[in-house]
Amino acid sequence: GAVVSQHPSRVICKSGTSVKIECRSLDFQATTMFWYRQFPKQSLMLMATSNEGSKATYEQGVEKDKFLINHASLTLSTLTVTSAHPEDSSFYICSPRRGDGTEAFFGQGTRLTVV
Amino acid sequence: AQSVTQPDIHITVSEGASLELRCNYSYGATPYLFWYVQSPGQGLQLLLKYFSGDTLVQGIKGFEAEFKRSQSSFNLRKPSVHWSDAAEYFCAVGDNNFNKFYFGSGTKLNVKP
């Protein structure tokens, strides 16, 4: 399978600060990047989809100004949680996809705790 | 609306025993179905997938799953569980463009010695 690196794996931040999560596809070019969020005991929910060089498309209910997604290259995408609040505490996971992809690859996930 | 249900939140089985994890889906078209496993601190690893053809699919680590359209199910099975199988398992359905995946809430598997 493809190699995906996501970091940090865990982060604790204070309310009001911003946190950046990086996702790298190490051995393939990710034309599309999906970002998911998982609350405790719930499913992974798609937050947004981005194509390299384009603005991200956000799912309904996800604030685009709060969750900034950058997909400036085919191997790197970032998710920045701005002005974090405790309710943003969650597990965030990236999923890069190749252009011909019929399989989803996933990063290791980032456990964000906002205190 | 598309949805995936994994009715069992936790399952405990003895090592060497058989395993079946349930998954039901709701999807308007022909589904693409997946099972992923997540070990602590790890990303999701694909176990197997179903697109078409034989409804019994074989995956890695000795897992298999059977697609039953009449029951809208895609249950995961393993004849003999190993301690290293302890993890969380996610069932997912993908749309036919592989643009979106809808995940179940996961089933956490514990394996007793």
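When the expected Rg is taken as 2.2 N^0.38 Å, what fraction or multiple of it is the alpha-carbon Rg of chain A?
Expressed relative to 2.2 N^0.38 Å, the Cα Rg reads 0.99.
Taking amide H positions as placed in the peptide plane 1.01 Å from N, state which residues far from A:Phe105 in sequence (5 or more) or on other chains have amide H under 5 Å from it.
none
Taking the Cβ of A:Phe106 as the center, what net charge do the other residues with Cβ under 15 Å away carry, scoring Lys and Arg +1 and Asp and Glu -1?
Computed value for this residue: +3.
Taking chain A as a Gaussian network, Cα atoms linked when under 10 Å apart, which of A:Ile21, A:Ile93, A:Ile12 shows the biggest mean-square fluctuation?
Largest GNM mean-square fluctuation: A:Ile12.
Just to be sure I follow: if Rg is taken over the C-alpha atoms of the stretch A:1-58 and Rh is the Kirkwood radius over the same atoms, what is Rg/Rh?
Result: Rg/Rh = 0.99.
First select every other residue whose beta carbon is under 11 angstrom from the beta carbon of B:Tyr36; then total the charges, Lys and Arg +1, Asp and Glu -1.
Around B:Tyr36, the charge tally is -1.
Distance check, please: which entries in A:Lys55/B:Lys68; B:Lys49/B:Lys112; A:Lys64/B:Lys68 exceed 31 angstrom between their Cα atoms?
Check vs 31 Å cut-off fails for A:Lys55/B:Lys68; A:Lys64/B:Lys68.
Where Lys and Arg each count +1 and Asp and Glu each count -1, what net charge lies around B:Ala65 among other residues with Cβ under 12 Å from its Cβ?
+1
With the crude spin-label approximation of a point 7 Å out along Cα→Cβ, what separation in nm comes out for A:Ser15 versus A:Lys66?
For A:Ser15 paired with A:Lys66, the spin-label model returns 1.4 nm.
For the stretch A:77-89, just list the computed ³J(HN,Hα) in residue order, Karplus coefficients 6.51, -1.76 and 1.60, θ = phi - 60°, integers in Hz, with x standing in for Gly and Pro.
9, 10, 10, 10, 8, 9, 6, 5, 10, x, 5, 7, 4
For chain B, max minus min Cα coordinate along each principal axis, in Å, sorted largest first?
42, 29, 22
Just to be sure I understand: with springs between alpha-carbon atoms less than 10 Å apart, which residue in A:Arg24, A:Arg98, A:Arg37 has the highest mean-square fluctuation in the Gaussian network model of chain A?
Comparing A:Arg24, A:Arg98, A:Arg37 in a Gaussian network model of chain A, the most mobile one is A:Arg98.
Take the Cα gyration tensor of the protein assembly as shown, multiply each eigenvalue by 5, square-root it, and list the three semi-axes largest first, rounded to whole angstrom.
30, 20, 16
Using θ = phi - 60° and the Karplus curve 6.51 cos²θ - 1.76 cosθ + 1.60, what whole-Hz ³J(HN,Hα) does each residue of the stretch A:46-55 get, with Gly and Pro shown as x?
With coefficients 6.51, -1.76 and 1.60, one gets 5, 9, 7, 10, 10, 10, 3, x, 10, 6 Hz.
For A:Thr80 paired with B:Asp54, estimate the spin-label separation in nm (one decimal), with each label point 7 Å from Cα along the Cα-to-Cβ line.
Distance between the two pseudo-spin positions: 5.0 nm.
Read-outs throughout are calculated quantities, based only on the coordinates presented, and are distinct from any laboratory measurement. Note that the coordinates shown come from a computational prediction; the quantities given were computed from them, not determined experimentally. Cβ atoms come from the backbone with ideal geometry, glycine included; neighbour counts cover every protein chain shown.
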